[in-house]
1. If you check Arg107 against the conditions, is it surrounded by fewer than 10 Cβ atoms within 10 Å (Cβ to Cβ), over 30 Å from Phe258 (Cβ atoms), at pLDDT 80 or above and of a type outside the set (A, V, I, L, M)?
2. Output yes when any residue across the range 121-131 is exposed (fewer than 13 other Cβ atoms within 10 Å of the Cβ) and in contact (Cβ under 8 Å) with a residue 60 or more places away in the chain, and no when none is.
3. Evaluate the range 308-322: report whether one residue or more is modelled with pLDDT of 80 or more and either at positive phi or assigned to a helix (DSSP H, G or I) (or both).
4. Here is a list of conditions, (1) at pLDDT below 80; (2) more than 27 Å from Thr126 (Cα to Cα); (3) in contact with a helix residue (DSSP H, G or I) (Cβ under 8 Å, 6 or more places away or on another chain); (4) not in a loop (DSSP other than H, G, I, E, B), and Met41 meets all of them except one; can you say which number that is?
5. Just to be sure, is Asp234 closer than 18 Å to Ala211 by Cβ and in contact with a strand residue (DSSP E or B) (Cβ under 6 Å, 6 or more places away or on another chain)?
6. If I filter the range 54-71 down to residues being surrounded by fewer than 16 Cβ atoms within 10 Å (Cβ to Cβ) and in a loop (DSSP other than H, G, I, E, B), which single residue comes out as modelled with the highest pLDDT?
7. Check Gly93, Gly75 and return the single one that is part of a loop (DSSP other than H, G, I, E, B), at pLDDT 90 or above, surrounded by 11 or more Cβ atoms within 10 Å (Cβ to Cβ) and at positive phi.
Amino acid sequence: MVSALKSRKQAVLEEARKAGLAAAELDENGKEINLHIPQYMSCAPWYLNAERPGLKHQRKWKSDPNYSKSWYDRGAKTFQAQKFRKGACGNCGALTHRNKACVERPRKLGAKWTGKHIAPDERIETFELDYDGKRDRWNGYDAAVSHKHVIQRFEARSKFLKVAQLKKLEDEARVDESKQMEFAKVEKRVRTTGGGSTGTVRNLRIREDTAKYLLNLDVNSAHYDPKSRSMREDPLPDMDPNDKFYDGDNQNGQALEFKQLYLRAWEAFDKGHDLHMQAAPSQAELLYKNFKINKEELKSRTKNIIMDKYGNASAVEVIPWQLLLGQSEQEVEYDRAGRIIKGQEIALPNSKYEEDVYTNNHTNVWGSWWKNHQWGYKCCHQTDFLN
């Protein structure tokens, strides 16, 4: 009964404070507490032993001068020996712990036996952790060091993926034509008089395609060779060329374009794209059109870049025939070894590159930075000359 009455008085007092009829509540420091702050934020946890509500427990506890007692340098190292020391860990070689407390991967032969790859000693610290320090999951975390490890791991992964991709391209280049056509082979048992043997019969037609002899059932249409499965003439000569998928093996029409579309869909599927010619033919055709447009744009852009850099050889004026034959009025004297004695001054070689030219808002010139056998800009570590 008393607690219910007390709660009712507290609710009435809060309503009066919100209406401005009563003074605001004060915290431990004598400052007014904002009426709009929720109760779960103003009330301190029980383990802080706070006498009155406030926001003192919500402030940055790292700014507390006593907080340094509960902060430690996570993963700090002190000294790295070059040879194994007596009493050190037999696995990694560190002197600050023993074999049972070693957190490194167990080696096949420990540092005690090999004397190589000695791990550095850890920094031993004595500190007292308060309530917050025991529950701080980021205690000892250094953002700069951690981000450096992330960059190194990313560079190593990028290098590994690049090498793997180059190796895959080299393997694909080594595949000969017979390997590329393995999808059209059918293994089948062939019976012979000697007791039978297994032979390979090449299937020249994909099962999803319509057979050539079914395109026109007229007896007088194009000849079909069942042995080689070839039809060199057009089975439908009177049909609109834009509506035909096949116009004979000797013709180059929409059939060739359709084969190229199939080939492009297979290549895209092998490279990891979610593309299937039979499941989504419209998507495959649209992607193939976009591929041809992007290929032409890339070819044109590359041509323009090369012409801007080296000039257009086709636009150069016609050189006179006197210069083509190497004739001139200058007298040059040579010795028996073919060296020039007089008649031609030795020309000092000039660099073909412009000096002290800052392009694309760079503050350093190209070639002012070197890493991993590549030149670049010192200001931004960019290795691309065009950017």
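1. When the stated conditions are applied, Arg107 does not pass them.
2. yes
3. yes
4. (1)
5. Criteria not met by Asp234.
6. Result: Leu55.
7. Result of the check over Gly93, Gly75: Gly93.
Matching residues to (1) at pLDDT below 80; (2) not β-branched (Val, Ile, Thr):
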{"residue": "Val175", "(1), (2)": "yes, no"}
{"residue": "Thr193", "(1), (2)": "yes, no"}
{"residue": "Leu204", "(1), (2)": "yes, yes"}
{"residue": "Met231", "(1), (2)": "no, yes"}
{"residue": "Asp238", "(1), (2)": "no, yes"}
{"residue": "Asp243", "(1), (2)": "yes, yes"}
{"residue": "Asp247", "(1), (2)": "yes, yes"}
{"residue": "Asn252", "(1), (2)": "yes, yes"}
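The values are calculated or read from the model by the stated rules, or taken from the named source; none is laboratory data. In this text the structure is predicted, and so the values were computed from the model without any measurement. In this analysis, Cβ positions are derived from the backbone assuming ideal geometry, glycine residues included, and neighbour counts consider all displayed protein chains.
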